[in-house]
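Note sheet for the following structure.
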Amino acid sequence: MPNTPHLLASVDLGSNSFRLIVGRVEETPAGAQIYQVDALREPVRLAAGLSADKMLDRASQVRGWDALKRFGERLRDFHPDHVRAVATNTLRVAKNASEFLVEAQNALGFPIEVIAGREEARLIYAGAAHSVPAISGKRLVVDIGGGSTEFIIGQHYTPLVMESLYIGCVSHSRAFFPAGNVDDYTMRQAELAAKREIQIISREYKQAGWDQAIGSSGTARALAELVEANNFNDPGITHGISRGGLERLKRALIKAENVNRLKLVALKPDRVPVLAGGLSIMLAVFEELGIDYVDTTDGALRLGVLYDLLGRTQHEDMRAVTVEGFMRRYGVDRPQAERIGDLAIGFYDQIGEPDAERLQEGRMFLGWAAALHEIGLSISHSAYHKHSAYIASNADMPGFSRTDQARLAGLVLGHAGKLGKLAQTREVEWPLLFCLRLAALLCRRRTDVGLPGIRVAKSGGGYEVRLPNEWVAGNPLTDYSLIQEAAEWEKVGMRYRVVYTEE
């Protein structure tokens, strides 16, 4: 990003709207701060195109692709390290999400990560916490999106309790107000449905407690604008959302009988189709959690993504923090993990990756895979690599997208055992896997044995390993293991040549 060295950008592929923000990073003695300098919003309503069998229809996909093409033009001069695009609930559940994402990434010009619900919650809290005044106590952040609603209790900039529920303004509006008609009975049914979902977490959240409630992002801001502009709030409350304000807005909506006939100040046309669903969820949040008032902020997921991206550019990658936490939680043999990681990264450097960014990314993932390859030992020694891969695939791993976790799990699963299980089921990063497997094989004694100079290289569609003949003669188990390893690679159609030298 030669022309804009202090700019970062985030793209949020939400279930209701796609959003892009560009932020300028300013360094201060107290730390870095991000100031928004540009923003784009497209009401794509992706969730509205999701069928009962979880398939995205063509029209919603086209709306999304068109919006991303426009975003792509704005981001054309950005360096890939300074842009992060994330997708949320609709693309988590859509069966044909992968088909949409191929064209979406081409349109945007950058990779798109589908993030898990709790990762979305973590990023939402980061954005909200950086956009509201600090308090000494805990705060509850509620973010009603198009397809899911996130609930986070945190203190300062640290989230403490996080959940993501499958209720959103688009999905709820489609389910209860498909033609826009609103009456007492239907609104109550919508509220009860949302309450049933919130009841799953309400006890835990009430026990944790909070000193301030914040509604973040589009739905909360739209509701706040309506109750403020139409004087629906309780006396003395000039901004934010009061319980009485929501009730008066509900009565106005029921009186209109259809959202399309509602005439209120500050009602934006693109919010009309999702207003009833969002309102019913917010009413349920207030009632089930015993809230009387929430303040609001526009800073949410996309701002949180910017701060997370800032951490990565300043070598404060949340993924590294997560890996460290997992190593402690699962009692990883740290010297062995570092031994294998250092050796694998050394092999990867020898193989050579002409693209400096891909080289750095590959080195990071090899280090993380080495750090986590034995976490499955906490379950069982038998097939521990499968247990390790399962944990890496399914655990909540802050900072990691689903794509990141799948990539990490593939390396962890493939570091030992037969290769056929990988070749048949997934795209395999063979260079990384070669380096990790060879390092694990050579470190089997779990001690610093002083390995000789070992040379590796790509060769004839496969790999070559060169070792001193004298050292191999004194290590027959390693020699036998290398012969077996070569045979394993041959089974998947890849050459693996072991060369003994006279060095």
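The values are calculated or read from the model by the stated rules, or taken from the named source; none is laboratory data. Here the structure is a predicted model, which means the values were calculated and not measured. So basically every Cβ, Gly included, is an ideal-geometry build from the backbone, and we count neighbours across all protein chains shown.
Might you let me know whether the stretch 473-482 holds any residue that is on the phi > 0 side of the Ramachandran plot, surrounded by 11 or more Cβ atoms within 10 Å (Cβ to Cβ) and assigned by TED's automatic domain parsing to the domain that holds residue 418? Outline the logic, then answer.
The initial filter retains those residues of the stretch 473-482 that are on the phi > 0 side of the Ramachandran plot, namely none.
No, the stretch 473-482 contains no residue that is on the phi > 0 side of the Ramachandran plot, surrounded by 11 or more Cβ atoms within 10 Å (Cβ to Cβ) and assigned by TED's automatic domain parsing to the domain that holds residue 418.
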For this session: May I ask you to list the residues in the stretch 110-157 that are within 28 Å of residue 357 (Cβ to Cβ) and of a type in the set (Gly, Ala, Ser)?
Result: 116, 126, 127
Exercise. Restricted to the stretch 247-291, and to residues that are acidic (Asp, Glu) and at pLDDT 95 or above, which residue is farthest from the chain's Cα centre (by Cα)?
Worked result: 257
Seminar exercise, completed: If we ask which residues in the stretch 324-353 are touching a Gly at 6+ places or on another chain (Cβ under 8 Å) and among the charged types (D, E, K, R), their number turns out to be 1
Problem set entry | Subset of the stretch 386-405 [surrounded by fewer than 17 Cβ atoms within 10 Å (Cβ to Cβ) and under 16 Å from residue 364 (Cα atoms)] | 403
Exercise. For residue 280, all conditions in the list (1) of a type in the set (Ser, Thr, Tyr); (2) outside the structural domain of residue 197 (by TED's automatic domain parsing); (3) surrounded by 22 or more Cβ atoms within 10 Å (Cβ to Cβ) hold save one; what is the number of the exception?
Worked result: (2)
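With within 29 Å of residue 131 (Cβ to Cβ) and at pLDDT 95 or above as the only criterion, which of 45, 63, 58, 41 stands out?
Numbers: 45 fails: at pLDDT 95 or above; 58 fails: within 29 Å of residue 131 (Cβ to Cβ); 41 fails: at pLDDT 95 or above.
The unique qualifying residue is 63.
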For this session: Determine which single condition residue 304 fails, assuming it passes every other condition in (1) of a type in the set (Gly, Ala, Ser); (2) within 19 Å of residue 178 (Cα to Cα); (3) within 27 Å of the chain's Cα centre (by Cα).
Result: (2)
Problem set entry | Enumeration of residues in the stretch 442-461 that are closer than 27 Å to residue 406 by Cβ and surrounded by fewer than 18 Cβ atoms within 10 Å (Cβ to Cβ) | 458, 461
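Quick check, is residue 296 in contact (Cβ under 8 Å) with a residue 40 or more places away in the chain and crowded, with 21+ Cβ neighbours inside 10 Å?
Working: in contact (Cβ under 8 Å) with a residue 40 or more places away in the chain: yes; crowded, with 21+ Cβ neighbours inside 10 Å: yes.
Considered against the rule, which asks whether it is in contact (Cβ under 8 Å) with a residue 40 or more places away in the chain and crowded, with 21+ Cβ neighbours inside 10 Å, residue 296 comes out as yes.
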Exercise. (1) surrounded by fewer than 20 Cβ atoms within 10 Å (Cβ to Cβ); (2) farther than 23 Å from residue 38 by Cβ; (3) of a type outside the set (Val, Ile, Thr): which one isn't true of residue 125, the others all being true?
Worked result: (1)
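Restricting attention to helices (runs of 4 or more DSSP H) lying wholly within the stretch 395-482, give those where 1 or more residues are under 30 Å from residue 307 (Cβ atoms). Before you say what the answer is, go through the steps one by one.
On the way: elements: 402-414, 420-423, 430-442, 469-473.
Correct list: 402-414, 430-442.
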Problem set entry | residue 141, sole failed condition from (1) outside the structural domain of residue 221 (by TED's automatic domain parsing); (2) in contact with a Pro (Cβ under 9 Å, 6 or more places away or on another chain) | (1)
For this session: Those residues that are of a type outside the set (A, V, I, L, M, F, W, C) and either at negative phi or surrounded by 16 or more Cβ atoms within 10 Å (Cβ to Cβ) (or both), I need them from the stretch 249-265; list them, please.
Result: 250, 251, 255, 258, 260, 261, 263
Exercise. Looking at (1) in contact with a helix residue (DSSP H, G or I) (Cβ under 7 Å, 6 or more places away or on another chain); (2) under 24 Å from residue 358 (Cβ atoms); (3) at pLDDT 90 or above, which is the one condition that is false for residue 454?
Worked result: (1)
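Considering only the stretch 363-376, I want to know if a residue exists there that is farther than 15 Å from residue 323 by Cα and either surrounded by fewer than 17 Cβ atoms within 10 Å (Cβ to Cβ) or not aromatic (Phe, Trp, Tyr) (or both).
Taking the stretch 363-376 first, the residues farther than 15 Å from residue 323 by Cα are none.
No.
In the list 290, 311, 299, 278, which residue meets the criterion of being farther than 26 Å from residue 19 by Cα and not polar (S, T, N, Q)?
Numbers: 311 fails: farther than 26 Å from residue 19 by Cα; 299 fails: farther than 26 Å from residue 19 by Cα; 278 fails: farther than 26 Å from residue 19 by Cα.
Step by step, each of 290, 311, 299, 278 is checked, and only 290 is farther than 26 Å from residue 19 by Cα and not polar (S, T, N, Q).
Please determine whether any residue of the stretch 466-487 is closer than 30 Å to residue 121 by Cβ and at pLDDT below 90.
As a first pass, look at the stretch 466-487 and keep what is closer than 30 Å to residue 121 by Cβ: none.
No, the stretch 466-487 has no match at all.
Just one of 308, 298 is out of contact with any Ser or Thr (no Cβ under 8 Å at 6 or more places or on another chain) and not aliphatic (A, V, I, L, M); which is it? If you could, list the steps in order and put the result at the bottom.
Working: 298 fails: out of contact with any Ser or Thr (no Cβ under 8 Å at 6 or more places or on another chain).
That would be 308, the only listed residue that is out of contact with any Ser or Thr (no Cβ under 8 Å at 6 or more places or on another chain) and not aliphatic (A, V, I, L, M).
Going by the structure shown, is residue 49 outside the structural domain of residue 159 (by TED's automatic domain parsing) and within 19 Å of residue 309 (Cβ to Cβ)? Step through it out loud before you land on a result.
Numbers: outside the structural domain of residue 159 (by TED's automatic domain parsing): yes; within 19 Å of residue 309 (Cβ to Cβ): no.
In short, no.
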